[in-house]
Every structure is written in C-alpha cells, then in structure tokens.
Amino acid sequence: MDSVWIRWIHHFYLNSGTIWSVHAYHSSSPLWKAIISIRDLLLQLCGDSESSITLLSSWFTGAGFFLSHAYDFFKPVSSTVSWGWVVWEQWSLPKYSFILWLAVLGKLRTRVRLVFVPTNPNCMFCRQVEEFYSHLFCACEWTCCLCAMIKSWLRIGRTMQTLISAIQGLHSQRNNLEARMRRVSLGITVYLIWEERNKRIFDGQSKEIATMFRRFQILFYIVFHFYEKDYLILYVGWLGGLLSLNCAVESSDLVSSWFMRIIATCMHGPCILVLHDKIKLQGPPGFVFGLLCSLAYGWALHHGFSPW
C-alpha cells in the first residue's frame, strides 16, 4: 500500500503524466526539483527512458544495495591527484588535513582574496608583502624561520621552496613510522601558521617563533602517542648536560615481540628507533650508547635479572 507522501506526489505532480515526462516548476517543492534533476541526469547518461528503467531494474536484482549502485553511477569521476597521500594522511587530524587541502588548492581566504573588504592586504607576519597563500607558507621570513626549525628537528635536509614541492617530497606511499609522521608534520605546520595568522587578525594576539615551535612538538607527540600507544615509549631529555630517563613500558614482553618503537627527544631533534629485523639509530654517539645501555638495563629488570 502506497504511503501518504507517494499519493500526494501522484495527485499533485503525476496526475497528467509519468515520471519521465513531467517537469518541475518554480512553485514545486525543493525535494521534487531534486528528483527531477536526477531524472534528467539519468536520461542524459542513459539516452532514453527505456534504458534508464533497465538500469534501475539491474540495481535491484544485482549484487549489493540499490543506493551503493546509484552512488557509484552518479558520483563524478576525476583523476587521482599526487598529493592525496600527504593531505589525507590517516594519522593526521581532520582539521589539519582540511586546512592543508585548502592551502594546496589555493582556496584559503587570504587578505588579497578579500577584495570586497577594505583592509590592509599585507602579510600579518612580515607586513611587507601582500598575503598570497604562496607567500604565507613558504616565502614569508617568519614562516620560513619556523619551517627551518621544524625541518631541522625532523632531520629533513631537502629544500622546500613551495608548498607543492614540500608535498612532492613527502608523497611516498610508504607507511612506516618516519614517513607517516613527516606527512602529519606538514599538516600540523600549515594548520599552526594559519591559526596564528587568524589570531593576529581577529584576537590581536601573537606568539614568538620559539613558542610556536614548542606547540608543534607537543602536537607532534600527541599524534604519535595516540597511534603508537601499544609500544615501548622511552622519553629522553637533555637537562644541563645530564641524561634523564623516564621509561613507560606498555608491551607485555619486550623480547618475544621484537616489535618496539622508541622515540626520544634531545636537543638535536627526534631520535627514532625501529626494532624489526634491524635497528636504526640516529643521534650523537654518546646519546646512542646511553640509550642502548638504558634499554639493556630495562630488559634485565623486566626479566628479573640484576645487573649488579
């Protein structure tokens, strides 16, 4: 038995024809206008009403749901972009990916794009050049200084003069720890620059580069700990030339798994160790030696052996 809504549609819109011949008028409901627009698109793609009916019938009788077939049929087909792996990195937070996506497309509302608003078009950081998005993220002296500190901390030696060149250097499809965190880092950097720019405009607040760099480090480790919480995390800090250790063991067995990821922080940047079939160490020789001694000491305590 037909519902009241279907009877109402037949009474007001289909009383003089079929769905394939009627039209939508200015006074028609928005829902009916949408239905007619989909009907017109279906006729355009299939050619005539008979072919359209055959296609719709196949969606009902074929494998899968009707809506999934309709979605695959009507969704626009576009070419795959090379920067998708970087912008839509799964470890990155949605707000980081969204701002980075707008920046890559050049759609951020920089001051030069707001021509209808009487405002100063110069950059909020250097106040010397008009605020194009290419200048904001890669050419401004303030942002270049911040990016240089982040690149040095992440041990990235590649020159990145534009946002596109930075993405091209990170678009590798590798999913190891280092590659994923570097892709996340680009999203965090662009987000922080855009956030700081907005705070300077709307709130009248500004932060020093060192403060922004420290906030980047905090957001970096928040993402890392969220996805790497099942592994051994070793926090290392250099305080006055002395090595301070704080170990947090979350693995059940450090030896049988042989799948540990250790991240350490020192004055030279993050030191990432990955234990699979090989060990990768980065850092000063004395730092690496102390880290290995601390790891051996923790293994001995874990298994009940006294090193003394």
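The values are calculated or read from the model by the stated rules, or taken from the named source; none is laboratory data. No experiment lies behind these values; they were computed from the predicted model shown. Reconstructed Cβ throughout: ideal geometry from the backbone, glycine too, with neighbour counts over all protein chains shown.
Values computed for the structure shown
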read-out: Filter pass, PHE224 being at pLDDT 85 or above, over 22 Å from ARG111 (Cα atoms), surrounded by 15 or more Cβ atoms within 10 Å (Cβ to Cβ) and among the aromatic types (Phe, Trp, Tyr); value: no
read-out: Selected residue (criterion: surrounded by the most Cβ atoms within 10 Å (Cβ to Cβ)) from residues of the range 120-129 that are more than 30 Å from ARG183 (Cβ to Cβ) and not polar (S, T, N, Q); value: PRO121
read-out: Any hit, the range 72-83, residues being within 30 Å of ARG200 (Cβ to Cβ), surrounded by 16 or more Cβ atoms within 10 Å (Cβ to Cβ), under 17 Å from the mean Cα position of the chain (by Cα) and of a type outside the set (Ser, Thr, Tyr); value: yes
read-out: The range 160-201 - residue that is of a type in the set (Ser, Thr, Tyr) and assigned to a helix (DSSP H, G or I) and, of those, modelled with the lowest pLDDT; value: SER165
read-out: Condition met for ILE156 (in contact with a Ser or Thr (Cβ under 8 Å, 6 or more places away or on another chain), surrounded by 17 or more Cβ atoms within 10 Å (Cβ to Cβ) and either among the small types (Gly, Ala, Ser) or assigned by TED's automatic domain parsing to the domain that holds LEU100 (or both)); value: no
read-out: Selection status of ILE218, within 19 Å of SER97 (Cα to Cα) and exposed (fewer than 12 other Cβ atoms within 10 Å of the Cβ); value: yes
read-out: Selection within the range 104-119 - charged (D, E, K, R) and surrounded by fewer than 16 Cβ atoms within 10 Å (Cβ to Cβ); value: LYS107, ARG109, ARG113
read-out: PRO76 being modelled with pLDDT under 85, closer than 30 Å to LEU42 by Cβ and either not assigned by TED's automatic domain parsing to the domain that holds SER57 or not charged (D, E, K, R) (or both); value: yes
